[in-house]
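What follows is a single structure, written as structure tokens, with notes after it.
Every number in this text was worked out from the coordinates using simple rules, so none of it is lab data. Note that the structure is predicted; figures quoted are calculated from it, not measured. Note that each Cβ is placed from the backbone with ideal geometry, even for glycine, and that neighbours are counted across all protein chains shown.
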Amino acid sequence: MTRGERRPGRSSWSVRIASVRGIPIEIHASFLLLVVFMGWRTTTSAGLAAAAAEQVLVLAVFVCVALHELGHAIVARRNGVPIAGITLYPFGGVARMARRPPQGMVEVVIAAAGPLVNLAIAATILVVSGGAAAGMSGGLWSRLVGMLLWANLILAFFNLLPAFPLDGGRILRGLLTLRLGWIRATVWAGSIGQVAAALLLLLGVIFDPWLILAGILILPAANAELRYALLLRQLAGRRVGDLVRGELITVDGAATISEVSELSVASPLADFLVSDRGRVVGYLSAPRLWSVLRSDRPATARVAAIVDELARPIPATAPVEDAIGLFDPAGPEVAPVVEVDGSIVGVVAIGDLLRAVQIARRATAADAPSAADDSP
């Protein structure tokens, strides 16, 4: 399963256990609690040998889930989508994308990579065992290999259900994006995810409690993604240029803090772009400048020493919802806004964009009927 499109972050309950190709892999504390609980339960009911075999199977499935998420992550990076990390939970994992895939087909390829990894693992087990693993016959360890085969098939086909946020739901959204655009495609995929979750809950009550758990896992994520798409639809007509901070003064990085403060007296609300040999290298907000002036830092210090790094430029014509995903979650929070010719017209902060989303949220709450006009 992949997750992203906004500014992802790691949970305080997660512990890093490895890093593969620069992608941090974390395990959530709840997984460790589940392993301990299962080990205790099986030991008391079936003995130590059965508990040990169960733990081996759990760890093997855990590795397969990690490989599933690495499949997403590696394919995402090959398509230019940064990965903030992978977190493994008791019932699956999440590869956290730092921004939304740029095209619908890119999302299809990224989403399909995870289930394909599980199918490849299942095929390998089947070939190596000569087909015997499919019957789960023989001794204890032969049955465990068979269980691992079927676990991978279940992981693959369950994730391919067209219910957002499962991989199948993301594949569906990617295909719909080609025709409907990302926002409308997300509304459809999220709504289908809600219906699928409700069906799983109903079937779980009738047939199998595990289906209830699946519905509980799917429903909140589908609800959240649907709400997010409806919020972004409120911003569909707005461009980054509408939110730009245009009152800027460009100064040379060799200028002193004192010299810059004199410029600020005439325009106390202006921010500063700091250049080096004509190239913009940093950003200094007015509050940051006045904070430095109140500190013990010498007024003769160079302004280049107190500037903040800028994110990569964002076109003034870029939609607000797209610009949110252009910020690296671990990088600078302010970016220059440029025209087609490359000239800087101002700066925009990720906070400006997120505040626009909050405004859209209030608008959505105040105008619920119009928010549902394009819903399936």
Write down the Kirkwood hydrodynamic radius of the range 99-207, to one decimal in angstroms, obtained as one divided by the mean of 1/r over all alpha carbon pairs. 15.5
Run the helix sum for the chain: -39,500 (n - 2.57) per DSSP H stretch of 4+ residues, divided by residue count, reported at 222 nm to the nearest 500 deg cm²/dmol. -18000 deg cm²/dmol
Size-normalised alpha-carbon gyration radius of the range 240-360, reference 2.2 N^0.38 Å: 1.08
Measuring from label point to label point, each 7 Å out along Cα→Cβ, what is the A18 to A299 span in nm? 5.9
For the chain, the dipole about the Cα centre with charges only on Cβ (Lys and Arg +1, Asp and Glu -1), to the nearest 20 debye, works out at 580
Distance from the Cα centre of the range 262-309 to that of the range 52-69, in angstrom? 53
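By its C-alpha gyration tensor, with a ≥ b ≥ c as the square roots of the eigenvalues, how is the chain shaped: rounded for a/c under 1.5, else prolate for a/b larger than b/c, else oblate?
prolate
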Give me the net charge of G193's neighbourhood, meaning all other residues with Cβ under 13 Å from the Cβ of G193; Lys, Arg count +1, Asp, Glu -1. +1
